[in-house]
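Working notes, beginning with the structure itself.
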Amino acid sequence: MPKHSAERSATISALLLACRHSDTNGRQAQGWPSLLDRGIDWNLFLTLGEHHDLVPLLFSGLEHAPTERLPQSLMPFLRGHFQANHLRNRLALQCFLGAEAALAEAGIPVLMLKGLALATTVYEHLAARQFGDVDLLIPEKQVAQARDIVERLDYRPVYPPNMLRDLNVQRLTPNQERVYSAYYHELTLQSQDALFQLDMHWALVPRHFPIISDCRAIWQDARRTTYGGRTLSVLSTELQVIHTCIHAAKDRWRKLKWVVDLDRIVRTNSRRGREQLDWERLAWYAKAWKSRRMLSTGLGLARRLLETPVPEPVSRLLINDASETDLSAVLETLLHPEIPEPRILRCLGINTTILRLLDTNACRRRYLLQALTMPRPEDEALFGPGPPNGALWKFRRPLWVLARCVGRVGRTRRNDSHWFDPAQSAPDGGSRRRDITRS
């Protein structure tokens, strides 16, 4: 059992309670007195809140808690974080609007995705959703043209270090560029001042994921939304739900913010009229995109952790498809994200969460085969320029990668488990962050 399990359990409960009461629909703030009586490690509370990208929500959520039971410096700290996130998100929105306007002028349609789209459509305030990159979706056939336009706005491509043959030069070889476009589903471009990164997507998932075979529905069902006087395109509500579940699975369900996203999407649309969530269409998409198990797991988590109001017929149709084993495994990851995945699978590039939540054994076999055999841009940096160019490379690649993994098994690896543990986070046993329990 990981250390500090009791303290962490109470802290996670406090995080979830704050998220339940951070919106403005009049939900009663019940449960704080009994929870505070159990004792909260407030430094751990902020550490976990930061890891799960929930700190902006904690400011409005804790306004419903008895202020006399909170550390004196906690609310000023959260208010400052909220205001800083508001400024950053406003700048991120301007970053997106500038790129969207330039692309639209060239006749390239753009959809706003992920964090920024959620912040502007389902959260009560732009600052309430914390996110990193600015994500947008464009048609695959117009990627090259869109890249040229965005680069003229002083953005430059950036790549992970393991793809680069020279760490000082952000450039791929021609063969790597070809493999990159065949393997990946997005390109990251960084602004000249390095403050923001635009993630330009042409698909919702990497090509080796055996889901979402037809992307035409994404554009056919896109909906228009107005924010700050600008009309923008976003995913339909149903696709927003499914994409959130798929994205969370792709990132191994390590953050509670995705559970909160699902709760916000469902609650926001349950309060609307004509824009209400079409549950039957949602189920149809999940089946067509082979993501029913991912969807049912995500909704099951939202209902269990945040009491998300899912209609009973849908609950029987979808959520009951989520096995208790799947939910328990994801909950364990959410509550103990410091526990690493098996090293050999990480080395082979296999995502165990995706593997677990694929709908059928046939999908799992296809995913494993594609993950092991598809050439990747980093192959050239790892193995040299010769092998990836060979016609039989996809058959030789698993052996090369496996040999490399076996060679690394005995190496010492950095212990990443200290991030959540106050006892290990500083030499004196205290937290590295400012101790908010001190006045």
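The values are calculated or read from the model by the stated rules, or taken from the named source; none is laboratory data. What you see is a predicted model, and the numbers here were worked out from it, not measured in a lab. Methodologically, a virtual Cβ is constructed for each residue, glycine included, from the backbone with ideal geometry; neighbour enumeration extends over all protein chains shown.
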Taking only pairs six or more apart or across chains, which ones have beta-carbon atoms under 8 Å, a first residue in the range 368-382 that is among the hydroxyl-bearing types (Ser, Thr, Tyr), and a second residue that is buried (at least 20 other Cβ atoms within 10 Å of the Cβ)? THR373/ARG397
Could you check how many residues of the range 113-158 are over 19 Å from the mean Cα position of the chain (by Cα), assigned to a loop (DSSP other than H, G, I, E, B) and of a type outside the set (A, V, I, L, M, F, W, C)? 5
Answer yes or no: is there a residue in the range 71-82 that is under 21 Å from ASP263 (Cα atoms) and either under 21 Å from the mean Cα position of the chain (by Cα) or assigned to a loop (DSSP other than H, G, I, E, B) (or both). yes
The one condition ARG147 fails out of (1) touching a helix residue (DSSP H, G or I) at 6+ places or on another chain (Cβ under 9 Å); (2) touching a residue at least 40 places away in the same chain (Cβ under 8 Å) is (1)
Quick check on the range 224-242. Is at least one of its residues of a type in the set (Lys, Arg), under 16 Å from ALA119 (Cα atoms) and touching a strand residue (DSSP E or B) at 6+ places or on another chain (Cβ under 8 Å)? yes
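Can you go through ALA101, ALA119, ALA106 and tell me which one is surrounded by fewer than 21 Cβ atoms within 10 Å (Cβ to Cβ), without any contact (Cβ under 8 Å) to a residue 40 or more places away in the chain and of a type outside the set (Lys, Arg)?
Details: ALA119 fails: surrounded by fewer than 21 Cβ atoms within 10 Å (Cβ to Cβ); ALA106 fails: without any contact (Cβ under 8 Å) to a residue 40 or more places away in the chain.
On inspection, the qualifying residue turns out to be ALA101.
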Check the range 118-127 and report whether any residue there is small (Gly, Ala, Ser) and under 19 Å from ARG88 (Cβ atoms). yes
Taking the range 122-143, which residues are touching a Cys at 6+ places or on another chain (Cβ under 8 Å) and surrounded by 23 or more Cβ atoms within 10 Å (Cβ to Cβ)? VAL134
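Of these, GLN220, GLN197, which one is polar (S, T, N, Q), closer than 24 Å to HIS243 by Cβ and without any contact (Cβ under 8 Å) to a residue 12 or more places away in the chain?
GLN220
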Under 6 Å between Cβ atoms, which residue pairs at least 6 apart in sequence (or on different chains) link something in the range 391-410 that is closer than 15 Å to LEU368 by Cα with a partner that is surrounded by 12 or more Cβ atoms within 10 Å (Cβ to Cβ) and at pLDDT 80 or above? LYS394/THR373; ARG397/THR373; PRO398/LEU372
